[in-house]
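The values are calculated or read from the model by the stated rules, or taken from the named source; none is laboratory data. Please read these numbers as outputs of a predicted model, since none were measured by experiment. With ideal geometry, Cβ positions are generated from the backbone for all residues, glycine too; neighbour counts draw on all protein chains shown. Just so you know, the surface numbers come from the protein's heavy atoms only, side chains and all, with ligands and any DNA or RNA stripped out. Shrake-Rupley method; radii C 1.70, N 1.55, O 1.52, S 1.80 Å.
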Amino acid sequence: MLRFIIRRLMQLVLVVFVLSLLLFLWLRALPGGIVSAMLGERATPETRARLTHELGLDEPIWVQYWTFLKRAVTGDFGVSNGVQPGKPAMDLLLERFPATIELSAVALVIAIGLALPLGYLAAKRRGGLLDNLSIVGSLVGVAVPVFFLAFLLRYVFAQELHWLPVSGRQEVDATRVTGFFILDGLLTREWDASWDAFKHLILPGIALASIPFSMIFRITRASVLEVLDEDYVRTAQAKGLTQRVVRGRHVMRNALLPVLTAIGLQMGGLLAGAVLTESVFNIAGIGDALRQAFTLRDYPVLQVLILAAAVTYVIVNLVVDVLYAVVDPRVRTR
C-alpha cells in the first residue's frame with residue numbers, strides 16, 4: 001500500500017508541474033498581455049518598458065518559467081492589481097479558499113448522503129414508485145442549470161418563507177481560527193456560530209449538489225443492479241446470511257468501485273459550479289474572486305486561484321485512488 005501511495009504522489013507532482021506550465025503559457029498568450037492589463041492602453045512606451053523589465057518579461061520564456069516556479073514554491077505569486085490592489089495573491093487565496101472548500105464539502109456530503117442510499121433502494125425496488133421518482137429527480141437535477149436552481153431556492157426558502165439566510169457566510173460575531181466558519185465554531189465551542197454558518201450553506205449546498213447527486217445516484221443504481229445479478233450474491237443469500245451482511249460485504253463493497261471514481265470526477269464540477277453559486281448567494285470564495293479577476297484582468301490572482309483549484313482537484317483524486325485501492329486490493333498491483 002505504501003508503494004502504491006508513493007507512486008501516486010510522484011504522479012501527482014508530475015501532474016502539478018504540467019498544470020503549472022500550461023497555466024503559465026496560457027496567461028502569457030492572453031490578448032493584450034499582463035503589462036497592458038496592469039497599465040491600460042494609455043500608458044507611455046517608457047512606462048511599459050519599465051514594468052516589463054520589473055516583471056522579468058524581457059527574459060527568455062524558460063527563464064521566466066523557472067523564476068515563476070521558484071517563487072511559487074515559496075508561495076510568492078505576485079500582488080493583486082484588481083481584486084484587492086496591493087494585496088499578495090497568496091493572502092487573497094488563503095482568505096477566500098476556506099469558503100469554497102466549506103461550500104464544496106457541504107455539497108458533496110449532501111450529494112453522497114442522498115445518492116448512495118437512494119441508489120441502493122432504487123436498485124432493490126427496480127420499477128417501483130421510489131425507483132421511478134428517484135430517476136425523475138436525478139434527471140431534473142442534471143437538466144436544471146445550477147444558477148437557476150440557486151436563484152429558485154433563494155427566492156422560495158430565503159426571501160419568501162424566511163426559513164434560511166439569503167446570502168453571506170455568517171451573521172453572528174465569532175472567533176476566527178482557520179477560516180472555516182463551521183470548524184471555527186466547533187473549535188472555540190461557539191455552537192451558535194457553527195449553526196449559523198451551517199444554515200448559510202444549506203441552500204447553496206443543495207444547489208451545488210444537484211448535478212453530483214444525479215450522477216452518483218445513477219451510477220450507484222446501475223452498479224448495484226449489476227452486482228445484485230452476480231452469482232456470489234445469490235450464493236451468499238442461499239447460505240442464509242443476513243441482509244445486512246449481504247448488503248455491506250457483498251453488494252455495496254463491490255458496487256462502490258465505479259461510484260468512487262464518479263465522486264472524484266465530480267469534485268471538478270463542484271469547484272466549477274461554485275463560481276456561479278457563490279455569486280448568487282454573495283459568498284466571498286474563490287469562485288467570486290475568479291469572476292472578479294477575469295473581469296479586472298488580475299493575472300496574479302488568476303494564476304494562484306486556478307493553480308490552487310487544480311491542485312485541490314488532483315489531491316482529491318489521489319484520495320479517491322487510495323480509497324479505491326482499499327476497497328479493491330487488486331488495484332495496487334496495476
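Okay, here's what the table says:
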| quantity | calculated |
| --- | --- |
| Top-ranked residue of the range 229-254 - restricted to ones that are assigned to a loop (DSSP other than H, G, I, E, B) and within 35 Å of the chain's Cα centre (by Cα), ranked as surrounded by the fewest Cβ atoms within 10 Å (Cβ to Cβ) | Asp229 |
| The range 68-80 - residue that is free of Cβ contacts under 8 Å to residues at least 12 places away in the same chain and over 15 Å from Tyr299 (Cβ atoms) and, of those, most open to solvent (accessible area, probe 1.4 Å) | Val73 |
| Enumeration of residues in the range 167-193 that are assigned to a loop (DSSP other than H, G, I, E, B) and either touching a strand residue (DSSP E or B) at 6+ places or on another chain (Cβ under 6 Å) or in contact (Cβ under 8 Å) with a residue 40 or more places away in the chain (or both) | Ser167, Gly168, Arg169, Thr178, Gly179, Phe180 |
| Cβ pairs under 9 Å, 6+ apart, first in the range 81-94 and of a type in the set (Asp, Glu), second surrounded by fewer than 21 Cβ atoms within 10 Å (Cβ to Cβ) | Asp91/Gln84 |
| Positions within the range 203-225 being surrounded by fewer than 24 Cβ atoms within 10 Å (Cβ to Cβ) and in contact with a Pro (Cβ under 9 Å, 6 or more places away or on another chain), in sequence order | Ile219, Ala222, Ser223 |
| Pairs, first over 18 Å from Phe17 (Cβ atoms) in the range 299-318, second polar (S, T, N, Q) and open to solvent by less than 40 Å² (accessible area, probe 1.4 Å), C-beta under 8 Å, six or more apart | Pro300/Ser80; Val301/Ser80 |
| When residues of the range 104-115 are limited to those that are in contact with a helix residue (DSSP H, G or I) (Cβ under 6 Å, 6 or more places away or on another chain) and not hydroxyl-bearing (Ser, Thr, Tyr), the one surrounded by the fewest Cβ atoms within 10 Å (Cβ to Cβ) | Leu114 |
| Options Arg247, Arg297, Arg218, Arg253: the member that is of a type outside the set (Gly, Ala, Ser) and either in contact with a Lys or Arg (Cβ under 6 Å, 6 or more places away or on another chain) or modelled with pLDDT of 80 or more (or both) | Arg218 |
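For every residue, the table says whether it meets (1) assigned to a loop (DSSP other than H, G, I, E, B); (2) under 30 Å from Phe213 (Cα atoms).
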site: Arg48; (1), (2): no, no
site: Glu59; (1), (2): yes, no
site: Gln64; (1), (2): no, no
site: Ala72; (1), (2): no, no
site: Phe77; (1), (2): yes, no
site: Glu95; (1), (2): no, yes
site: Thr100; (1), (2): no, yes
site: Ile110; (1), (2): no, yes
